[in-house]
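Since the structure comes first, as structure tokens, the remarks are kept for the end.
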Amino acid sequence: MNTAATSFPKAGNGSENTALWLPGSPKMWRIACVPPLARTMLANSEFLLMLNQAPTDRAELAKLLNISDTQLSYITNAGPGRGLVKVGGSLVPFVNDFDTSTQLYKLMSTKPGEG
């Protein structure tokens, strides 16, 4: 199986506290445990989408990507449809409130029981 999780070197003994990047996971990966190669890949990425982040992850992302406190507010206790996008050298906050009564929302929703 050749996935992003298996292509990064693993740190430590392979336990849950070591570095794994799981694309598509509902929870963001833990950047504090990411090996140097993956950190470099993140820092050099042209596009990153950041949603709500845990405090330790926010601190690491802020250092790695030079995110200001104002920009961090978009990934701190962020609700649905809110976050921060890194595009090239720019960090762009977004707030995407969507009318939940529309047919389009029902088609796009990933919340269990909706749609």
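The values are calculated or read from the model by the stated rules, or taken from the named source; none is laboratory data. All values derive from a computational prediction rather than experimental measurement. Neighbour counts are summed over all protein chains in view; Cβ atoms, including those assigned to glycine, are modelled from backbone coordinates with ideal geometry.
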Open item on the list: I'd like to check something: does segment 92-115 contain any residue that is modelled with pLDDT of 85 or more, basic (K, R) and surrounded by fewer than 17 Cβ atoms within 10 Å (Cβ to Cβ)?
Closed with: yes
Open item on the list: List pairs: first residue in segment 39-61 and touching a residue at least 60 places away in the same chain (Cβ under 8 Å) and on the phi < 0 side of the Ramachandran plot, second residue assigned to a helix (DSSP H, G or I) and not hydrophobic (A, V, I, L, M, F, W, C) anywhere in the structure, Cβ distance under 7 angstrom, at least six positions apart or on different chains.
Closed with: none
Task: Verdict on L72 being more than 29 Å from Y105 (Cβ to Cβ) and touching a helix residue (DSSP H, G or I) at 6+ places or on another chain (Cβ under 8 Å) - done: no
TODO: Scan A19, A4 and give me the residue that is surrounded by 12 or more Cβ atoms within 10 Å (Cβ to Cβ), at pLDDT below 85, of a type in the set (A, V, I, L, M) and farther than 28 Å from G79 by Cβ.
DONE: A19
- [ ] Give me a count of the residues in segment 67-83 that are part of a strand (DSSP E or B) and under 15 Å from P55 (Cα atoms).
- [x] 1
Open item on the list: Among the residues of segment 32-55, what is the count of those that are part of a helix (DSSP H, G or I) and closer than 13 Å to N77 by Cα?
Closed with: 1
